[in-house]
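The values are calculated or read from the model by the stated rules, or taken from the named source; none is laboratory data. Please read all numbers here as calculations on a predicted model, not as lab measurements. No Cβ is skipped: glycine too gets one built from the backbone with ideal geometry, and neighbour counts run over all protein chains shown.
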Amino acid sequence: MAFTNRTKISEYDATAANNINLGTAASPAARLGEYGVDLDAEAMRPSDTNGALRELMAHLKAMDAGTSVLTSPKAGQFLFDTTYTETGSEPQGSTYWNSDEETLDLVQNGAVLQLGQETQIHVRNNSATVTITSGTAVMAVGTVGESGRIKVDPMDADDATTPGPKYFLGVATEDILGGGDGKVTVFGKVRSLDTSTYAEGDVLWCDPATPGALTATTPSAPDLKIAAGYVVTSDLNNGVIFVRANAGIDLHENHRVQILSPDAGGNPQVDKMLLCWNNTAKRWENKTATDAGVAALSGAAFTGAVQGSTQTATFTSDQALDYSTYQNFVITLGANITLATPTTETVGQSGFLVFIQDGTGSRTVSLGTDYQSVGGSGLTLSTAANSVDVVPYIVQASGKILLGTPQLAFA
């Protein structure tokens, strides 16, 4: 068959023997010269050339049909078109240059992977009916078995119900239908989200209030504090977050911490325990104050001064003193006032009240029903401007604050 009769790949046969035959001429150039092909006569024998070209035509035919028979293809490099513009309709399996990220994009079934810049996991939605939407934080809840899929649910960061931070996987990078498979980003960007309520640069945490949701508000203990991502672009429809799945660990999971006698959740069973260093075991352990060798305050001697918390203020109206916060009170009288009945005193509490007249003087102090004075006569204070009086007190019982005799006119 003549070489010139075949001008397209589709005209060649996938069976090598049916393609070009150079004959048995002593020189391959004698046959190929007819078709404008210049070969060195010493380059190859006719049988070598026949075999090589027949195989080449067979491979080209198979590649044209999409069923290449190449068993061990090799290439030193592939050069992609760096001016390519994404259309958004590239079929699954396509690879092309992403000039914005300066890497290759790999089109998957519903998600696009930026090679070398993202890490994704192929997972299955544990719910048979509820879709996990793109941008949802997820956690591992089981496996499918031989398929190798990890089952996921929206991440639960509420301390009362969560299985723990170690099950956090990442953020869904596409909608995953109920019972369906999809991609979760562990490291990299998740795009086309509504991030309009966040500022660019906000750190996003797993929201303890809503499973799967993200929040810019740092959670409070004991809820989980999982920093799931970082806002790259704030936008209603084209928002972008960068995911960095770093779940952290609970204290009892730290390599150097051993919580003794834990409950089913791994938490200490006794309140008010201390974390103490065990130098023999080279680890931190939870202990009661007694086990830790901490002496009770009963009969304790203090080697330094001990100061009660003191409030210093000017009162121009009636006030209820805060005995839970302060032990002592230094009060400048800017008007006639009443010490209103408090609710914060503790039995056995004692301290002092200092009353200072302002520059006007003659200010008076009346007492609420919880205060009891010597002889029930109330408080009679100095009247001179800027004078200083001291009144001691002790809490006898709830609703009974005993006031000592005022010590007047300190100078």
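Miscellaneous remarks
- Breaking point among (1) at positive phi; (2) touching a Leu at 6+ places or on another chain (Cβ under 9 Å), for Gly299: (2)
- Residue in region 128-156 that is nearest to the chain's Cα centre (by Cα), counting only those that are among the hydroxyl-bearing types (Ser, Thr, Tyr) and closer than 26 Å to Asn237 by Cα: Thr136
- From Leu275, Leu224, residue being surrounded by 13 or more Cβ atoms within 10 Å (Cβ to Cβ) and touching a helix residue (DSSP H, G or I) at 6+ places or on another chain (Cβ under 6 Å): Leu224
- Selection from region 314-333 of residues that are over 16 Å from Ser350 (Cβ atoms) and either in contact with a Cys (Cβ under 9 Å, 6 or more places away or on another chain) or exposed (fewer than 13 other Cβ atoms within 10 Å of the Cβ) (or both): Thr314, Ser317
- Screening Thr129, Thr71, Thr67, Thr85 for residues that are loosely packed, with under 13 Cβ neighbours inside 10 Å, farther than 27 Å from Gly212 by Cα, at pLDDT 90 or above and out of contact with any Leu (no Cβ under 7 Å at 6 or more places or on another chain) leaves exactly one candidate, Thr85.
- Enumeration of residues in region 210-221 that are without any contact (Cβ under 8 Å) to a residue 40 or more places away in the chain and crowded, with 18+ Cβ neighbours inside 10 Å: Thr215
- Near pairs, Cβ below 6 angstrom, 6+ apart or cross-chain, from region 369-393 (outside the structural domain of Pro342 (by TED's automatic domain parsing) and over 17 Å from Ile337 (Cβ atoms)) to any residue that is in a loop (DSSP other than H, G, I, E, B) and modelled with pLDDT of 95 or more: none
- Pro219 meets each of the listed conditions (1) at pLDDT below 95; (2) within 23 Å of Thr119 (Cβ to Cβ) apart from (2).
- Residues in region 192-209 that are loosely packed, with under 14 Cβ neighbours inside 10 Å and within 17 Å of Pro163 (Cα to Cα): Ala209 alone.
- Here Thr344 clears all of (1) of a type outside the set (D, E, K, R); (2) outside any loop (DSSP other than H, G, I, E, B); (3) modelled with pLDDT under 95 except the condition numbered (2).
- All strands (runs of 3 or more DSSP E) inside region 217-306 with 3 or more residues being under 30 Å from Arg191 (Cα atoms): 227-233, 239-246
- In region 121-156, the residues that are of a type in the set (Asp, Glu) and either touching a Lys or Arg at 6+ places or on another chain (Cβ under 6 Å) or within 17 Å of Phe168 (Cβ to Cβ) (or both): Asp153, Asp156
- Among all residues of region 195-202, there is at least one that is under 22 Å from Leu113 (Cα atoms) and either in the same structural domain as Ala213 (by TED's automatic domain parsing) or not polar (S, T, N, Q) (or both).
- Check on Val354, touching a Leu at 6+ places or on another chain (Cβ under 8 Å) and in a strand (DSSP E or B): no
- Test: residue in region 107-124 that is loosely packed, with under 10 Cβ neighbours inside 10 Å, modelled with pLDDT of 90 or more and β-branched (Val, Ile, Thr): no
- When residues of region 157-170 are limited to those that are crowded, with 16+ Cβ neighbours inside 10 Å and among the hydroxyl-bearing types (Ser, Thr, Tyr), the one nearest to the chain's Cα centre (by Cα): Tyr167
- Here Thr405 clears all of (1) in contact with a Phe, Trp or Tyr (Cβ under 7 Å, 6 or more places away or on another chain); (2) outside any strand (DSSP E or B); (3) farther than 18 Å from Gln327 by Cβ except the condition numbered (1).
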